[in-house]
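Working notes, structure below.
The values are calculated or read from the model by the stated rules, or taken from the named source; none is laboratory data. A quick note: this is a predicted structure, and the numbers were derived from the prediction, not measured. Here Cβ is always computed from backbone atoms with ideal geometry, including for glycine, and neighbour counts include all displayed protein chains.
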Amino acid sequence: MTRPPFAPLLTLGVIGLLLGSAPALALEGDASAPIEVEADRLDLDDRAGTAVYTGDVDIRQGSMQLTGARVEIRRNDQGQLTRATATGERAYIEQKPAPDEPLVRGWGRTIVYHVAERRIELIDRAELHQGGDTFDGGYLEYFLDRRVVQARSDAEGVEERQRVRMTLEPEQQDGQ
């Protein structure tokens, strides 16, 4: 059985999306877990370097999940994943950083994962949960390697100003 010509894009796109954050933000077993993609439609343009999934898209691998009404995966001329964009009323991304750490979950009308920068943008009705800590606003930016969050009430793509709110859980002291 021969593989279709677009198989490298699909493989690079999905694996790059899901494993691009593996060293800093993934369970060790995520890399070897099967990749599952569900959608109503796939439009693939190998020359342009794009794969567009539409219709209740759900991409999973290990502890990683990315969902949206539409997910577009882009690659550069070298075949490397450069960006994944999920859109929908409440696009969603989650991953468990390590066995002893809580799940990191994010929502927004648009989620953009910039692979080279290892940065996630949550745009419009943005929300990020890290354990008991929560961040809300019009725009949230999360840097995977540094685990840094930047929040703004408005930005390009935000329909109306949305005040920044955060709730931080105090760290538990030893013996308490």
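Residues that are at pLDDT below 90 and charged (D, E, K, R) do not occur anywhere in the stretch 120-141. Any chance the stretch 157-165 includes a residue that's surrounded by 19 or more Cβ atoms within 10 Å (Cβ to Cβ) and over 18 Å from Glu101 (Cα atoms)? Yes; the residues of the stretch 157-165 include at least one that is surrounded by 19 or more Cβ atoms within 10 Å (Cβ to Cβ) and over 18 Å from Glu101 (Cα atoms).
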